[in-house]
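Worksheet: the structure to be examined is printed underneath.
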Amino acid sequence: MTLKHILTFSSAIALSTLYLCSCTGEDGPDFTDSRELQISGTFVGERAPQSRVNGSLWEADTIGVYITAPFSYAIVKDYQNLPYYTTSTGTTAFFTKIGKAIAVSDLTAGSNSIIAYAPYTPNDPSRIDNSSVGIAINTRKQNTRELQRKIDIVRVQKGIQADWISSGKIDGLVFEHQMSKIVVKIKADPATGITLDDIANAECTLGGIVHNGINFSTTWNSFNFDNWAPINDWSLKDNTIQQIIDNETEQAVVYTAIVATQPTSGTYLTLTINGKSYQSNGPLFGYLYRGNVYTYTVTIKPSELSVTATIKDWNDGGEYFAEQ
C-alpha cells in the first residue's frame, strides 16, 4: 500500500476544516483573511489514493493534530491532540474539527510546530507527561482489517515550523507509516504431497516479536516498551489476516501482520502439517524497521522450510498485499 499524505496548512475565515482530495490539480478553497487554522491536502504516490492498510477508499478516518510550544517539543496545553474527522468513504474526504479550533493568533511564525498522526487516539492520562502523548499498542490479535487499522500508525516525520503563519500556506507535510508490515506466503506443492487444504489448516507460528506493553510517542515519534517479553509461539493463523489463493497458476495461503518496529531474535517460522513440524532454517529477520514491508515466500522441503525474502518500503508498495 502506498501512503504519503501531503498536507497544506493555511488559515480560513470560518470553520477549521481539513480538506483532502485526489491529485487533480484543483486550487481548493480560498484561505485569505483568516482567524482560525484550516488544513488542506492531497494524496500522492504510486498507488494513491489508499486507506492505511488495504483498499482504495477512506473509511471515516479521524486524525489527531497538536501544536508544540515555540522552539520546543513541549505540547501547547490548549492545542493537545485535537481530533479532526470525516464521514467520507470515498477517494475524496473533508476532515472537520471536533470541538476547539486552533487560533492563528496563538501561534508565532517560525516558532511553533504542527504535528499530526492517525488513527486518532484519545489521551490516556497515565501515558502523558509534559512532552509526550503516548498511544498504547497491542499487536497480538489483528485478524480483521478493522483491528489492523487501529494499530497502523501514520505520522508526520518531522514537526513543521509555522513560518506559514505570515504567508498563510505551507506545503510538504508527509504522513508515513511508523509500524512494520510482515507478509508470509506459504505455497502448496502437490509434487511433495502438500495440498492447499494442508497449508490452510496447518498451524503456523512466528517467534521473537514483542506484541504487548508497547507505547508509541506521537511527540517524539518513538516506541517504548513497558517490558521486553517476546512471544515465541505467536499463531499467524489465529491472530493475523489470512487469505487463500487458489487459481490455475498458484495455490497458497497468505498471512498479513503489522507489528511495532523493534530489534528481534529467535524469529523462527514453524509450520505444523498433519502432525509433522517444519521450521525455517534460520531467523527471518533481525531488526524490524518502520515503514518496511517484509515479504516471505515459503516452500516446504522434506525436513525444513525454504524461505525467500524481499524487503520493500511500505510507502512504495510491497511485494504482496492481501485484501480482506
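The values are calculated or read from the model by the stated rules, or taken from the named source; none is laboratory data. This structure is a prediction, so every number in the text was calculated from the model and none was measured. Because the Cβ atoms are built from the backbone with ideal geometry, glycine has one as well, and the counts that use them run over all protein chains shown.
Among the residues of the stretch 270-280, the one identified as in a strand (DSSP E or B), in contact (Cβ under 8 Å) with a residue 40 or more places away in the chain and out of contact with any Phe, Trp or Tyr (no Cβ under 9 Å at 6 or more places or on another chain) is Ile273. Of the numbered criteria (1) at pLDDT 80 or above; (2) touching a helix residue (DSSP H, G or I) at 6+ places or on another chain (Cβ under 7 Å); (3) not polar (S, T, N, Q), the one Ile67 fails is (1). Can you run down the residue pairs with Cβ atoms below 9 Å, 6 or more apart or on separate chains, where the first is in the stretch 187-212 and on the phi > 0 side of the Ramachandran plot and the partner is outside any loop (DSSP other than H, G, I, E, B)? The qualifying pairs are Gly208/Ile231; Gly208/Trp234. In the stretch 285-306, what residues are modelled with pLDDT under 90, within 20 Å of Val259 (Cα to Cα) and either over 16 Å from the mean Cα position of the chain (by Cα) or among the acidic types (Asp, Glu) (or both)? The answer is Phe285, Gly286. Please work out if Ser280 is closer than 30 Å to Gly64 by Cβ, modelled with pLDDT under 95 and out of contact with any Asp or Glu (no Cβ under 6 Å at 6 or more places or on another chain). Taking the combined requirement at face value, the residue does not satisfy it.
Here the stretch 222-269 is the region considered, the condition is being assigned to a strand (DSSP E or B) and touching an Asp or Glu at 6+ places or on another chain (Cβ under 8 Å), and the residue that is nearest to Met179 (Cα to Cα) is Ile258. Among residues of the stretch 198-221 being part of a strand (DSSP E or B) and of a type in the set (Ser, Thr, Tyr), the one that is nearest to Glu176 (Cα to Cα) is Ser217. Just one of the listed residues (Ile209, Ile273) is aliphatic (A, V, I, L, M) and out of contact with any Pro (no Cβ under 9 Å at 6 or more places or on another chain), namely Ile273.
Which of the residues spanning the stretch 70-86 are polar (S, T, N, Q) and at pLDDT below 75?
Step one: of the stretch 70-86, the residues polar (S, T, N, Q) are 72, 80-81, 86.
Within the stretch 70-86, Ser72, Thr86 meet the criteria.
So which strands (runs of 3 or more DSSP E) are wholly in the stretch 148-187 and hold at least 3 residues that are in the same structural domain as Thr261 (by TED's automatic domain parsing), at pLDDT 90 or above and not small (Gly, Ala, Ser)?
180-187
Checked against (1) at pLDDT below 95; (2) crowded, with 18+ Cβ neighbours inside 10 Å; (3) not acidic (Asp, Glu), Thr205 meets all criteria but (1).
For the stretch 97-120, filtered to residues that are among the polar types (S, T, N, Q) and surrounded by fewer than 15 Cβ atoms within 10 Å (Cβ to Cβ), the residue that is nearest to Thr86 (Cα to Cα) is Ser105.
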